[in-house]
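K.L.:
Let me give you the structure first, and then I'll get to my questions.
Here, each number is a calculation from the coordinates, and none is a lab measurement. Computed from a prediction, not measured in an experiment: that's the story for all the values here. Counting neighbours? That spans all protein chains shown, and the Cβs are built from the backbone with ideal geometry, glycine included.
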Amino acid sequence: MATIRVLVGTRKGAFILTADGKRKDWKVSGPHFAGWEIYHLKGSPADPDRIYASQSSSWFGQVIQRSNDGGKTWEQPGTPREDWVENAGMNPDTGEFVMPKGESNKFVYDTSPETGRPLTTHQWYDGTQHPWEFKRVWHLEPSPHDPDVVYAGVEDAALFKSTDGGKTWRELAGLRGHESGPQWQPGAGGMCLHTIVLDPNDPERIFVAISAAGAFRTDDGGKTWRPINRGLVSQFIPNPEAEVGHCVHRIAFHPSRPDTLFMQKHWDVMRSDDGGATWYEVSGNLPTDFGFPIDVHAHEPETIYVVPIKSDSEHYPPDGKLRVYRSRTGGHEWEPLTKGLPQENCYVNVLRDAMAVDLLDPCGIYFGTTGGQVYVSPDSGDTWAPIVRDLPPVLSVEVQTIR
Amino acid sequence: MIRVVLPQHLRTLAGVDGEVLLAVDAPVTQRSILDALEARYPMLCGTIRDHATRKRRPLVRFFACAEDVSHESPDAPLPDAIARGDEPFIVIGAVAGG
């Protein structure tokens, strides 16, 4: 029988929840990296034992962790134990003194002459220009094909890539260096690149989303980028239909239909059928179309899930009722899913990276809350049960289906 | 030997218990201690000083002989008691946050 592994990032560490395919009896392991903020951890689709984790702290900065045994043990890939000072020494070929340097934790914007992308500025809260400053990794997206290839979305917004299993990172500077960069501005959570969607059929095509700049697409592996925000309307920017400046919260697609994208924007649930070139609203009968996560059923490309949140001023569910909404028509028509979820006095939020689906049939849906609950539905959303109730605030949820 | 006291999270990252002992050539300064510390424990690169600028991270402080020396020049000699190993060089995380 399949094993399900749920990777949960929280404000105070990572937790790994495992169950068999019934998804009823769960084992909880953690906290891993206790006391640190774990914005995200995600397994490689090409090798489920390979998991990457972003460990960070306002005090001590960014650390990248990697597991090669499904989360039992972890290492910093740029400073494996065998490279510590006991093993450092003179390279007999070059005479150079070899010392590991913690390169796996090093995210430095690429301002080299080769890229021609000097460190520019972006718009600060007071309207002045502010230089890019690295703060943390929000999202790690392993390649669907190669366990050693992984992308990192960072704050201040930029995209990094590692091709050596996270040992070293190189910025794909064409994105930050896009001519619209000076108009990007931070949302309340910081100017973060939080969404990376890799087209499994075309390794040159990547979608990203940045708060609050919008969505971008590359068709050449990250060298050049184009904003893909036509059709988005945001009342909080002076020109509501501007090319950039939109607070996109999350983008999801079904791997079999990479041109059909679903977006939860700050307000509005949107859809594109042309790879992001144009968008249209599919909020339909949702009670509110503000929210953070959006995800797609593993086997039904037109079945999508959101968690409506009352407003941007009140980051909690309407009427104190935690309801996932499902559309089986790719948007417009939505139904509330409430069985097993609290329907009174519930004022938690569900953050943008905190929803995921497994690959079993029926498809399992998972989400975590800022109140520390992680819920599972083993039947595509019809019924829900908490796996855990009292974790630290949940920042991210990912699921691995291991057969 | 120079004695260095690290905050709990950095001891965990470095895989050490208690104080760290380092051989540091004179003159003993913030920079020479941190260079030796990072060479011995490369996983601490970037956690105390920024990877790119090599400046102290804002919420990290340095104490020596009951003085906060965070704003002193990184190349200023530290007190003899630190250089002799009588007193530890203390790296501490600011009290902040939740």
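K.L.:
Could you list B:Glu38, A:Glu241 in order of exposure, starting from the residue whose Cβ has the fewest other Cβ atoms within 10 Å?
P.N.:
Working: B:Glu38 20, A:Glu241 13.
Ranking B:Glu38, A:Glu241 by Cβ neighbours within 10 Å, fewest first, gives A:Glu241, B:Glu38.
K.L.:
So for chain A, averaging the separation of alpha carbon pairs under 8 Å that are six or more residues apart and normalising by length, what relative contact order in percent results?
P.N.:
On the way: 1155 pairs, mean separation 48.9, N = 403.
Relative contact order here is 12 percent.
K.L.:
Ok, one more. If I model the range A:1-60 as equal point scatterers sitting on the Cα atoms and use the Debye formula, what is log10 I(q)/I(0) at q = 0.15, 0.21, 0.23, 0.24 Å⁻¹?
P.N.:
Here the Debye-derived log intensity ratios amount to -0.48, -0.83, -0.93, -0.97.
K.L.:
Another question, if that's okay. Amide H of A:Gly35: which non-local residues (sequence gap of 5 or more, or other chain) have their own amide H closer than 5 Å, using H built in the peptide plane?
P.N.:
Amide H neighbours of A:Gly35: A:Gly13.
K.L.:
In addition: Which lysines does A:Lys310 reach when only Cα atoms under 22 Å apart count, and residues fewer than 8 places away in its own chain are ignored?
P.N.:
A:Lys265, A:Lys321, A:Lys339
K.L.:
Which of A:Val208, A:Val357, A:Val233 moves most in a GNM of chain A, Cα contacts under 10 Å?
P.N.:
A:Val233
K.L.:
Here's another thing I want to ask about it. What ranking of A:Lys339, A:Lys321, A:Lys106 emerges when the number of other C-beta atoms within 10 Å of each C-beta is taken as an exposure proxy, fewest first? Write down the numbers at each step before the final one.
P.N.:
Details: A:Lys339 13, A:Lys321 16, A:Lys106 19.
Lowest count first: A:Lys339, A:Lys321, A:Lys106.
K.L.:
Can you list, largest first and rounded to whole Å, the semi-axes you get for chain A by taking the square root of 5 times each eigenvalue of its Cα gyration tensor? Don't skip to the end; give the middle numbers.
P.N.:
Working: eigenvalues 209, 147, 71 Å².
Computed over chain A, the values are 32, 27, 19 Å.
K.L.:
A further question on this structure: For the range A:318-403, which GluC sites (Glu not before Pro) are both in a DSSP coil and crowded by at most 14 other Cβ atoms within 10 Å? Working shown, then result.
P.N.:
On the way: sites: A:Glu333, A:Glu344, A:Glu398; in loops: A:Glu333, A:Glu344.
Those that pass, being in a loop and sparsely packed, are A:Glu333, A:Glu344.
K.L.:
Next question. Can you tell me what the convex hull of the Cα atoms of the range B:2-93 projects to on average, as an area in nm²?
P.N.:
Details: hull surface 21.2 nm².
For the range B:2-93, the mean projected area of the Cα convex hull comes to 5.3 nm².
K.L.:
Rounded to the nearest Å, what's the spacing between the alpha carbon centres of the range A:350-368 and the range A:171-187? Just the number, please.
P.N.:
So the separation of the two Cα centres works out to 30 Å.
K.L.:
Within a 10 angstrom radius of the beta carbon, how do A:Thr115, A:Thr383, A:Thr303 rank from fewest other beta carbons to most?
P.N.:
Values: A:Thr115 17, A:Thr383 14, A:Thr303 21.
Least crowded to most crowded, the residues run A:Thr383, A:Thr115, A:Thr303.
K.L.:
Now for a separate question. Where the centroid of each part is defined by its Cα atoms, how far is the range A:1-56 from the range A:237-258 in Å?
P.N.:
If you average the Cα positions of each part, the centres end up 28 Å apart.
K.L.:
So how long is each side of the range A:172-250 along the principal axes, counting just the alpha-carbon atoms, biggest first, in Å?
P.N.:
So the extents along the principal axes, rounded to whole Å, are 36, 22, 21.
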